[in-house]
Amino acid sequence: MSEQKLIGGIKFGILSPDMIRKMSATAIVTSEVYDENGLPVEGGVMDPRLGVIEPGQKCATCGNTLARCPGHFGHLELARPVIHIGFVRHIYDLLRATCRRCGRLKIPDEEIDRYLDLYNRLKDKWPQLASSLTDFVKRKAIKAMECPHCGEKQFKIRLEKPTTFIEEGPLGRLWPTKVREWLERIPDRDLRVLGYDPEFARPEWMVITVLPVPPIAVRPSILLETGIRSEDDLTHKLVDIIRTNEKLRESINSGAPEVIVEDLWELLQYHITTYIDNEVPGVPPAKRRSGMPLRTLAQRLKGKEGRFRGNLSGKRVDFSARTVISPDPNLSINEVGVPIEVAMILTVPERVTPWNIDELRKYVLNGPYRYPGANYIIDNTGRRIDLRFIKDLKAIAESLKPGYIVERHLINGDIVLFNRQPSLHRMSIMAHIVRVLPGRTFRLHLAVCPPYNADFDGDEMNLHVPQTIEARAEAKILLLVQEHILSPRYGGPIIGGIQDYSSGAYLLSSKVTLLTKDQVSDLLASINYSGEIPEPAVLSPIKAWSGKQIISLLLPEDFNFSKEAKISSGNLKCTDEECFWDSYLVVKRGKLLLGVLDKAAIGAQQPESLLHFLVREYGTSFGKEFMDKAFKLFLRFIEMRGFTMSIVDIMIPEEAYKEIEEVIVKVRKEIEHLIQLYKEGKLEPTPGRTLRESLEIKILEVLSRARDEAGERATKYLDPFNNVFIMAKTGARGSTLNITQMAAMLGQQSVRGQRIHRGYRGRTLPHFKRGDIGPEARGFVSGSFVKGLSPIEMFFHAAGGREGLVDTAVRTSQSGYMQRRLINALQDLRVEYDGTVRSVYGHLIQFRYGEDGIDPKNTSFGKAVNVERIIEKHVGWRK
Amino acid sequence: MSGKKKFKIMDHELVPKHEVVKPEEAVRILKELGVRPENLPWIRASDPVVKEIGAKPGDIIRIERRSPTTGKIIVYRFVVAG
Ligand SMILES: [Mg+2]
Ligand SMILES: [Zn+2]
Ligand SMILES: [Zn+2]
């Protein structure tokens with residue numbers, strides 16, 4: 001057994017040349033990598049002393065085999081020092097803050113004493129303040145143009161990006177040798193005031209004299225299928241460095257002219273700079289033969305696919321699956337449909353007990369290829385048996401004993417986590433109950449589309465199987481879909497009816513809906529209803545039930561509720577129970593008495609709705625049950641009745657087109673008049689606008705009025721209770737504007753809120769005269785989708801439509817980045833038991849969570865107590 | 001401007017009530033919250049309000065402000081140099 005120790009802390013510093021030599025297994029002395037036999041050359045970058053790379057070998061340095069050898073650093077002595085690109089800023093500051101002759105910080109001794117004392121007192125308790133102190137000292141020292149210690153006059157030092165320092169004085173260009181000598185002269189004490197810990201970070205170590213050569217394990221070579229060996233980018237770069245270093249040493253030793261030496265020196269600087277960071281501004285990135293830039297040290301760490309974000313914060317996991325999603329209205333909202341093929345790969349470990357041994361034996365007997373089976377067994381010695389390679393499954397099933405673990409296939413009733421990216425809020429990962437189904441897609445209930453923001457145009461989702469009972473319990477209690485019906489964002493249900501559910505609910509609850517006994521039976525059978533059927537609402541000529549009666553069967557007996565329906569607008573508007581249009585919803589003692597159900601009652605993201613209060617007042621289990629049943633009912637009814645949309649729903653007669661033409665003629669005249677006024681300079685300008693802007697605003701106003709009027713005139717010829725209108729009014733899909741655009745006219749197209757004006761000089765398209773600012777020339781589309789668009793109209797419509805696409809593309813990337821930053825800043829905050837919000841460091845962030853200590857999930861629209869609702873709930877009326 | 005009347009920021013309707021907490025009370029508050037002073041939110045000594053009420057680094061300030069969610073809320077700030 002090795003000794004165990006606790007990590008007390010981590011200290012970062014800069015490697016000194018001595019340290020690099022000390023930790024080095026070998027000096028790298030040659031740029032040759034492999035000899036003619038293909039074996040690594042000793043003293044080359046693939047020297048075997050840098051660690052084992054092939055299994056079975058023994059390490060030349062530590063004697064371990066592949067699994068235990070950690071890899072060993074080598075080192076390369078540079079012929080001339082070079083600047084470390086990562087420390088350029090520090091070197092630049094130090095050169096300016098210290099004396100060119102004596103190397104002292106350019107601040108008088110007494111002040112240094114004072115600052116040092118202050119710094120020592122600050123550094124542990126107030127690190128932020130300490131760093132602003134060192135900043136201040138540094139700035140002060142840089143300003144001094146004469147050394148207070150030796151009186152030497154100082155010169156300005158310039159940094160020529162990326163690594164060249166120039167003194168605007170007698171020294172001229174400061175080559176790295178000179179820089180190093182200068183930094184060596186700075187005394188430890190002066191460095192401390194600048195915030196350095198000279199024991200671990202002497203500034204001269206920022207100038208590289210010895211380069212550490214990382215172990216081969218860090219830069220493994222890959223053997224391609226063709227048998228050719230391909231080296232890692234780092235190895236390539238190291239070979240470049242060594243080769244240049246050799247050449248530089250040779251030319252120095254042979255006394256070559258200084259120009260040649262300097263050229264090679266700069267080349268060495270370039271290679272080492274790009275070896276460390278291949279994305280330094282102003283340095284051409286080193287490229288592979290294919291033209292691809294090399295992935296060197298900094299690139300391995302930085303960015304989304306770098307070590308931190310790609311490997312440490314984000315990892316790939318087992319027991320997960322991903323496939324396309326599709327809808328299944330027959331599932332419960334809590335369920336997820338899992339393809340059999342997936343269920344036979346994902347497993348749940350189950351410990352054998354006397355109570356489940358018979359069942360688990362059956363799984364083992366079925367083996368990995370028959371569902372429901374098992375893929376692995378772990379016996380009580382911890383040995384893992386792969387059932388794929390077992391011939392005699394019967395024998396192994398017999399040998400099962402309590403204490404063994406069977407990794408059985410996923411079965412109905414297992415709990416899994418289901419996720420859709422981008423995981424922007426907590427409802428993006430919810431626990432579902434497995435339903436193993438034929439087919440190759442994951443299936444989910446349509447009511448859970450809003451929290452995942454999922455649709456079925458090819459979306460894929462991920463599924464994870466928790467592997468411990470604790471994880472399963474936690475998933476069931478905290479993450480199950482029904483526990484997330486109410487959103488913490490606004491307290492309303494984020495899970496609820498969408499699209500056809502709204503239309504279906506409206507049609508079923510509409511007062512014209514009367515159902516025969518057969519229909520009632522059909523409807524109730526679809527939800528496995530087993531209670532009594534109420535007395536029919538109509539007794540003769542035949543017994544008939546209203547849709548409201550059927551819906552009432554699902555409501556709790558003491559439930560009271562009233563609210564305007566979504567359809568309550570325009571001439572169907574109702575604000576109280578006296579409603580001729582059936583647009584005011586009233587539920588008393590669990591009976592739906594008046595009004596229709598539509599999006600406002602059962603829709604997703606509708607706070608203070610019927611659905612909201614049902615879930616809030618009767619619990620999440622009831623909410624789930626209600627949605628499973630009611631939603632199935634709505635769909636069954638819409639299936640019975642039939643629901644579609646066709647061209648006749650938006651076709652208008654000839655005389656309607658004449659009316660629209662009248663509108664257009666009228667509007668054209670109005671605009672001509674406006675333009676006339678404008679040209680004569682008689683147009684009344686809008687305050688704060690130029691004359692031209694005022695004209696545009698007025699024209700836009702007139703044109704938007706034109707579209708509305710055309711829409712009104714056209715839609716009055718349509719049946720206001722046809723399927724398209726039902727969808728628009730109940731909030732299922734589409735709006736009256738959409739109907740107008742289909743039936744009457746598209747209206748003015750715009751880009752950035754203005755009429756389309758760009759394109760050619762003085763005109764949008766060559767079909768118009770220059771300077772034409774009439775409606776047609778600036779994107780007014782009088783055609784409709786039914787009538788069809790002319791090519792010019794089609795062009796303007798595309799121009800307007802593109803803006804929307806660009807907007808969404810830009811918005812998602814921007815809000816994604818903002819989300820990332822917010823989450824990074826907030827993820828470690830938590831609400832303590834005393835109601836305060838604190839960071840992990842104990843800092844108080846809020847004295848009371850949200851200033852009121854209230855969880856918005858349990859509010860209605862942010863109000864902790866909704867008095868009106870309480871009265872209504874118990875008394876049955878409000879106001 | 002005449003410069004006769006100096007504008008008092010405390011008079012502005014958007015500036016909530018600030019006051020320095022007495023040492024005994026500060027101890028009680030810190031104990032109640034279970035924090036060291038530096039774990040409270042900070043306010044700089046150069047903040048105009050801090051100068052106005054004459055608080056010094058190390059002091060604790062009580063701020064009583066209106067809140068859209070609760071009507072009134074009391075929060076504390078720890079004065080730091082700077
Ligand atoms: Mg999609
Ligand atoms: Zn080794
Ligand atoms: Zn000096």
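Here are a few things to note about the model shown:
Yes or no, residue by residue, for (1) outside the structural domain of residue A:254 (by TED's automatic domain parsing); (2) assigned to a helix (DSSP H, G or I); (3) more than 16 Å from ligand 1 (Cβ to nearest atom); (4) modelled with pLDDT of 90 or more:
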{"site": "A:79", "(1), (2), (3), (4)": "yes, no, yes, yes"}
{"site": "A:92", "(1), (2), (3), (4)": "yes, yes, yes, yes"}
{"site": "A:132", "(1), (2), (3), (4)": "yes, yes, yes, no"}
{"site": "A:142", "(1), (2), (3), (4)": "yes, yes, yes, yes"}
{"site": "A:151", "(1), (2), (3), (4)": "yes, no, yes, no"}
{"site": "A:159", "(1), (2), (3), (4)": "yes, no, yes, yes"}
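- Search result, residues across the range A:174-213 that are assigned to a strand (DSSP E or B) and closer than 18 Å to residue A:101 by Cβ: A:174
- Residue selected from the range A:102-145 under the condition within 14 Å of chain B (Cβ to nearest Cβ) and touching a Phe, Trp or Tyr at 6+ places or on another chain (Cβ under 7 Å), by the criterion least open to solvent (accessible area, probe 1.4 Å): A:130
- Among the numbered conditions (1) within 24 Å of residue A:716 (Cβ to Cβ); (2) in contact with a strand residue (DSSP E or B) (Cβ under 9 Å, 6 or more places away or on another chain); (3) surrounded by fewer than 20 Cβ atoms within 10 Å (Cβ to Cβ), the only one that residue A:745 does not meet is (3).
- Subset tally (residues that are within 22 Å of residue A:864 (Cβ to Cβ) and either in contact (Cβ under 8 Å) with a residue 40 or more places away in the chain or facing chain B (nearest Cβ under 9 Å) (or both)) for the range A:840-851: 6
- Take the conditions (1) open to solvent by less than 60 Å² (accessible area, probe 1.4 Å); (2) over 40 Å from the mean Cα position of the chain (by Cα); (3) basic (Lys, Arg); residue A:707 misses just one of them, which is (2).
- Criterion: within 17 Å of residue A:774 (Cβ to Cβ) and either free of Cβ contacts under 8 Å to residues at least 40 places away in the same chain or open to solvent by 60 Å² or more (accessible area, probe 1.4 Å) (or both) - qualifying residue of A:680, A:712, A:696: A:680
- Residues located in the range A:78-101, provided they are open to solvent by 40 Å² or more (accessible area, probe 1.4 Å) and either within 16 Å of ligand 2 (Cβ to nearest atom) or out of contact with any strand residue (DSSP E or B) (no Cβ under 6 Å at 6 or more places or on another chain) (or both): A:80, A:86, A:87, A:89, A:90, A:101
Residues are listed down the side, and each one gets a yes or a no for (1) touching a strand residue (DSSP E or B) at 6+ places or on another chain (Cβ under 8 Å); (2) buried (at least 20 other Cβ atoms within 10 Å of the Cβ); (3) within 18 Å of residue A:634 (Cα to Cα):
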| residue | (1), (2), (3) |
| --- | --- |
| A:526 | no, no, yes |
| A:531 | no, no, no |
| A:561 | yes, yes, no |
| A:570 | no, no, no |
| A:575 | yes, no, no |
| A:581 | no, no, no |
| A:585 | yes, yes, yes |
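- Against the criterion of being touching a His at 6+ places or on another chain (Cβ under 7 Å) and among the hydrophobic types (A, V, I, L, M, F, W, C), residue A:27 qualifies.
- Residue count, the range A:537-553 (criterion: among the hydroxyl-bearing types (Ser, Thr, Tyr), surrounded by 18 or more Cβ atoms within 10 Å (Cβ to Cβ) and farther than 13 Å from residue A:511 by Cβ): 1
- One residue alone among A:46, A:19 is away from ligand 3 (no atom under 16 Å from the Cβ), in contact (Cβ under 8 Å) with a residue 24 or more places away in the chain and either surrounded by 10 or more Cβ atoms within 10 Å (Cβ to Cβ) or away from chain B (no Cβ under 14 Å) (or both), and that residue is A:46.
- The conditions of being part of a loop (DSSP other than H, G, I, E, B) and touching a Ser or Thr at 6+ places or on another chain (Cβ under 6 Å) are met by residue A:685.
Residue by residue, here is whether (1) open to solvent by 90 Å² or more (accessible area, probe 1.4 Å); (2) assigned to a loop (DSSP other than H, G, I, E, B); (3) not aliphatic (A, V, I, L, M) holds:
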| residue | (1), (2), (3) |
| --- | --- |
| A:726 | no, no, no |
| A:732 | no, yes, no |
| A:768 | no, yes, yes |
| A:808 | no, no, yes |
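- Cβ separations smaller than 8 Å between residues 6+ apart or across chains give the following pairs from the range A:1-12 residues that are in a loop (DSSP other than H, G, I, E, B) to residues that are at pLDDT 90 or above: A:11/A:200; A:12/A:200.
- Selected residue [touching a Phe, Trp or Tyr at 6+ places or on another chain (Cβ under 7 Å) and either modelled with pLDDT under 90 or within 14 Å of another protein chain (Cβ to nearest Cβ) (or both)] from A:837, A:867: A:837
- Tabulated pairs, the range A:444-464, first within 14 Å of chain B (Cβ to nearest Cβ), second away from ligand 2 (no atom under 16 Å from the Cβ) and open to solvent by 10 Å² or more (accessible area, probe 1.4 Å), C-beta under 6 angstrom, 6+ apart or interchain: none
- Wholly within chain B, strands (runs of 3 or more DSSP E) carrying at least 2 residues that are open to solvent by less than 40 Å² (accessible area, probe 1.4 Å), in contact with a Phe, Trp or Tyr (Cβ under 8 Å, 6 or more places away or on another chain) and within 12 Å of chain A (Cβ to nearest Cβ): B:60-67, B:71-80
- Residue in the range A:427-471 that is farthest from ligand 3 (Cβ to nearest atom), counting only those that are in contact with a Lys or Arg (Cβ under 8 Å, 6 or more places away or on another chain) and hydroxyl-bearing (Ser, Thr, Tyr): A:452
- Residue A:204 being open to solvent by less than 40 Å² (accessible area, probe 1.4 Å), out of contact with any His (no Cβ under 7 Å at 6 or more places or on another chain), modelled with pLDDT under 90 and among the charged types (D, E, K, R): no
- Options A:800, A:774, A:783; residue that is closer than 27 Å to residue A:743 by Cβ, in a helix (DSSP H, G or I) and assigned by TED's automatic domain parsing to the domain that holds residue A:656: A:800
- Count of the range A:26-44 residues which are modelled with pLDDT of 90 or more and within 46 Å of the chain's Cα centre (by Cα): 1
- Among the residues of the range A:826-879, those that are under 30 Å from residue A:577 (Cβ atoms) and among the hydrophobic types (A, V, I, L, M, F, W, C) comprise A:861, A:864, A:865, A:867, A:870, A:871, A:875, A:877.
- Qualifying positions in the range A:259-301 - outside any helix (DSSP H, G or I), among the charged types (D, E, K, R) and without any contact (Cβ under 8 Å) to a residue 12 or more places away in the chain: A:287, A:289
- Qualifying residue in the range A:637-647 (condition: within 30 Å of residue A:775 (Cβ to Cβ) and either open to solvent by 30 Å² or more (accessible area, probe 1.4 Å) or touching a residue at least 40 places away in the same chain (Cβ under 8 Å) (or both)): yes
The values are calculated or read from the model by the stated rules, or taken from the named source; none is laboratory data. From a predicted model like this one, the values you see are computed outputs, not experimental measurements. All Cβ positions, glycine included, derive from the backbone under ideal geometry; neighbour counts span all protein chains shown. Just the protein is used for accessible areas: all its heavy atoms, side chains included, with ligands, DNA and RNA removed. Shrake-Rupley method; radii C 1.70, N 1.55, O 1.52, S 1.80 Å.
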